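Student: Let me give you the structure first, and then I'll get to my questions.
The values are calculated or read from the model by the stated rules, or taken from the named source; none is laboratory data. None of these values were measured; they are calculated from a predicted model. Ideal geometry is used to build each Cβ from the backbone, glycine not excepted, and the neighbour counts take in all protein chains shown.
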């Protein structure tokens, strides 16, 4: 024990690799966060292109109306009248 205390400081000091020892876990944490972010982004894109939620912001009112007509919730007269109203009130694209 006494020999360890009297030895030269460069033999038992932190040495050259000391600051890099803490960077290794930080590096892997950054890699894990990037991988998770990329996977979530890809999953979100696949989810949106495959239909997404039943009632989401990207679903058109015409698609909802068509689905209701296909399920038999509304008849043809009501479908056509509502479709006409939707198309008349559609915002104009420039």
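Student: Report yes if some residue within region 4-13 is surrounded by 10 or more Cβ atoms within 10 Å (Cβ to Cβ) and modelled with pLDDT of 70 or more; otherwise report no.
Tutor: no
Student: I'd like to know if region 43-66 contains one or more residues that are farther than 30 Å from residue 90 by Cβ, at pLDDT 65 or above and under 32 Å from the mean Cα position of the chain (by Cα).
Tutor: yes
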